[in-house]
Amino acid sequence: MKTNLFYNKRIFIFFSLIIFLATVFISSISIYIFSRNTENLLVTNAQTHIEQVLVHSLDIIDQSGVSFFCKKFIKGQDIRLTLVSKSGKVICDTLEKELDNHKSRPEIISSNNKTVVFKRRLSKSTNQEMVYGAINFRLNKFIYTIRGAIPTVSLDSSLSTISKDTIIKVAPILTLTLILCLFLLFKFSRSTGLILYQTFKRGENRAKKLRTEFVANASHELKTPITSIKGFSQLLQKTEKDNPNPDTQKYISKIVDNSEKLILLFEDLISLSKVQAKDHIDKSSYDIVEEVEIIKTELVSKYNEKEVHITTNAQEKSLYVNKKWFNIVLTNLIENAIKYSEKEVQIIITTLKEKGNTTISIKDNGYGISQKQIERIFERFYRVSDSKYQNIKGTGIGLSLVKHIIKKHKGSIHVDSKESIGSIFTIKIPNA
């Protein structure tokens, strides 16, 4: 009897330890995801603020001239402003000191007269890491660059405060979990120990799903208020249509656009969580030619500014997959091929039945991906870092979702790509 009681206590200790470690792990992952997303959001907000100040500065220079900008306007701003001539000479700067030639500064080199170009680097003047934004403009036949900057130390301070608050909120949960585990250890009898052990065995897969459930629930809860923000912003956009101030419409449009980005992100996170949580998937016969035609119709209409040609060479038309999920796979890959291509898009989809597998390849004539970046494109939140992709909308979740769906089908996905030539995504799915 004593031996059994000792054995049951060991089970309790083991189970309590697992619960506590799982809670610590999930909390750590949650804090990490939150901190990472918060840092990106803070940088985005800093860039948005820089852009707003630069746009306002251009209006001031246009209306009141360079002299007024340098002597009065520049002093009343909460970011550092610099006016640079085409030769790189600093005309004026918030620091009010003599500065060396800025022609070699990365943001000055990359700047243009269409959009604000952003760079994050160490400042030679202040020896601080800064977020820079720069844009060119023409005045009296001369070309100038106006630059704005915010030190990242202010962003780090905000992030540190948010992280501390998050840890403070999570700490009581960990403490309560530990107390609960100790209470269970000394409270329950031999029979309860056996039930607990059986429950532990039955719920073994549950621990694996906790993290994905957290992400799904958080995404769902955040999606609702963001959708409301988007709705009210669109309403405001309509009511302010006749407002003579052009900045008003511009700022409202930014709110709408960023709301749409967040909604897409949450939708992708929810889909990814559902895929990861599924142990068994329902499969049925899937006509790939028919489904590609449906997807083609939707995407050609969505990207009507491009000339899209999609050809299907199907040696094997029928697959045995989950229809809903495989539509997500094809839609993601075909849409990426369209988005990351020039105006004339050529996509060839080929299916080939081999021994034990069906191979589906999706070939495009797009921009292509460098070999260094191919290794990371299936990572969650990863997006190819290239200036020509800055205006292409995306969440960084799509290819990660594709990879997980293919894994659930016990298949594989491979990429071959050459820059300026195109990419080929090859999927292998086991036959029925």
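Where a number appears in this text, it was derived from the coordinates with a stated rule and is not lab data. Since we're looking at a predicted model, the values are computed, not measured. Heads up, the Cβs are rebuilt from the backbone with ideal geometry, glycines too, and the neighbour counts pull from every protein chain shown.
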**Prompt:** Hey, can you rank 96-102, 422-428, 355-361 by average C-beta count inside 10 Å, highest first?
**Reply:** 422-428, 355-361, 96-102
**Prompt:** In nanometres, what is the gap between the two model label sites at Ser110 and His414, each 7 Å from Cα along Cα-to-Cβ?
**Reply:** 3.5
**Request:** Determine the relative contact order of region 321-432: mean sequence separation of Cα pairs under 8 Å and six or more apart, normalised by residue count, in whole percent.
**Result:** 31
**Asked** For region 65-154, what's the relative contact order in percent, using C-alpha pairs closer than 8 Å and at least 6 residues apart?
**Response** 26
**Complete:** Expressed in nanometres to one decimal, the distance between label points 7 Å along Cα→Cβ at Ile60 and Ile294 is 5.6
**Fill in**
Most exposed first, judged by fewest Cβ atoms within 10 angstrom, Val415, Val43 run Val415, Val43
**Prompt:** Given 4 °C and 1.567 mPa s, how large is the Stokes-Einstein diffusion coefficient of region 274-356 in µm²/s, with Rh as the Kirkwood radius over Cα pairs?
**Reply:** 93
**Message:** In whole Hz and in residue order, list the ³J(HN,Hα) couplings for region 102-110 that follow from phi through the Karplus curve 6.51 cos²θ - 1.76 cosθ + 1.60, θ = phi - 60°; x for Gly and Pro.
**Reply:** 9, 4, 8, 5, x, 5, 6, 4, 7
**Message:** What translational diffusion coefficient, to the nearest whole µm²/s, does region 284-430 have by Stokes-Einstein, given a Kirkwood radius computed over alpha-carbon pairs, a temperature of 20 °C and 1.002 mPa s viscosity?
**Reply:** 138
**Prompt:** Out of residues 5 or more away from Val308 or on other chains, whose amide H comes under 5 Å of its own, with H placed 1.01 Å from N in the peptide plane?
**Reply:** Val345
**Message:** Ignoring solvent entirely, what values of log10 I(q)/I(0) come out of the Debye formula for region 65-154 at 0.12, 0.17 Å⁻¹ when each Cα is a single scatterer?
**Reply:** -0.33, -0.68
**Asked** Among Phe142, Phe118, what is the fewest-to-most ranking by other Cβ atoms within 10 Å?
**Response** Phe142, Phe118
**Request:** Fewest Cβ neighbours within 10 Å first, please rank Phe68, Phe326 accordingly.
**Result:** Phe68, Phe326
**Request:** Tabulate in residue order the Karplus-calculated ³J(HN,Hα) for region 310-321, using 6.51 cos²θ - 1.76 cosθ + 1.60 with θ = phi - 60°, rounded to whole Hz; enter x for Gly and Pro.
**Result:** 10, 10, 10, 10, 10, 6, 10, 7, 9, 10, 10, 9
**Fill in**
Given the candidates Thr312, Trp325, Thr351, the one whose Cα lies deepest towards the positive end of the charge dipole of region 284-430, counting +1 at each Lys or Arg C-beta and -1 at each Asp or Glu C-beta, is Trp325
**Efficiency of FRET from Cβ geometry, Asn313 and Arg138, R₀ 41 Å, rounded to 0.05** = 0.20
